[in-house]
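Notes follow the structure.
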Amino acid sequence: MSLVAQWRRIQSELPAEWRDARLSLSVADDARVARAAALLGPAGPGRSDGGLVFTTSRGGSAVGPDAVGRLLQRLDGERIGGTLAVVATGGREAPAAEPVAAATLAAAWDVAVAGLPADWSDLLCELEVVSTDYLQRTALMLSPLNPTRDPDKIAFRFRVARRFGYGASAQMTRRCLARVDEEGIRGRVGILRALSDTHNVATQGPVWYVEGRSV
């Protein structure tokens, strides 16, 4: 059975309220795992027990189910066979944790990181400031983190990587937040999304999709 056909069958068997699904792909030919990972690149696949794992979401936090079908079609086109299976599914997406309140942004960052699982690897974070007057100076202080402006809030988003790939280190993030503190800029910092134990294959890191846009 083709991978696309397997995905269609899996979709038909998922619960009606599913929002996120963690998928595993066991490639029949070990020599073609790297090529399969490259073709699945937009899904940010990771290595696990000799296979590949990636996530799809109907809520915008990962590639959508239609995109998964298109990616698997690439593998079928190159005659890369394998077995696709569901590792886990989730219903309604859990709300993001509230930004941590603390005396300083650097201290809030320490609290947020301390609450992560021991094997965390990639984070999508946000710093929201209390006034638009702070935006320009905050952007400068956060520049090593390559922040992006959230047009819907007085906030910046940025990525943190623990070992490799997209994002600044946790230590650099803390230093930048400390510089914001030194400027007397008030705000709240929070971790919006976190991944654990990712293994990048032919990519520089996972891609998050929020409201259909990569972040």
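The values are calculated or read from the model by the stated rules, or taken from the named source; none is laboratory data. These numbers come from a predicted model, not from an experiment. Because the Cβ atoms are built from the backbone with ideal geometry, glycine has one as well, and the counts that use them run over all protein chains shown.
Values computed for the structure shown
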| read-out | value |
| --- | --- |
| Scope segment 70-115; condition at pLDDT 90 or above, assigned to a loop (DSSP other than H, G, I, E, B) and surrounded by fewer than 17 Cβ atoms within 10 Å (Cβ to Cβ); matching residues | 78, 79, 81 |
| Conditions (1) within 12 Å of residue 72 (Cβ to Cβ); (2) in a helix (DSSP H, G or I); (3) without any contact (Cβ under 8 Å) to a residue 24 or more places away in the chain; number of the one not met by residue 31 | (1) |
| Neighbours by Cβ (under 7 Å, 6+ apart or cross-chain): first from segment 1-27, under 23 Å from residue 39 (Cβ atoms); second assigned to a loop (DSSP other than H, G, I, E, B) and at pLDDT 90 or above | 27/80 |
| Extreme residue, surrounded by the most Cβ atoms within 10 Å (Cβ to Cβ), among residues of segment 116-169 that are outside any strand (DSSP E or B) and in contact (Cβ under 8 Å) with a residue 60 or more places away in the chain | 116 |
| Segment 109-129, subset touching a strand residue (DSSP E or B) at 6+ places or on another chain (Cβ under 6 Å) and among the β-branched types (Val, Ile, Thr), residue farthest from residue 162 (Cα to Cα) | 129 |
| Any hit, segment 37-47, residues being touching a His at 6+ places or on another chain (Cβ under 7 Å), surrounded by fewer than 18 Cβ atoms within 10 Å (Cβ to Cβ), over 18 Å from residue 123 (Cα atoms) and in the same structural domain as residue 81 (by TED's automatic domain parsing) | yes |
| When residues of segment 24-69 are limited to those that are of a type in the set (Val, Ile, Thr) and within 15 Å of the chain's Cα centre (by Cα), the one modelled with the lowest pLDDT | 63 |
| Count of segment 10-27 residues which are assigned to a helix (DSSP H, G or I), surrounded by 10 or more Cβ atoms within 10 Å (Cβ to Cβ) and out of contact with any helix residue (DSSP H, G or I) (no Cβ under 8 Å at 6 or more places or on another chain) | 1 |
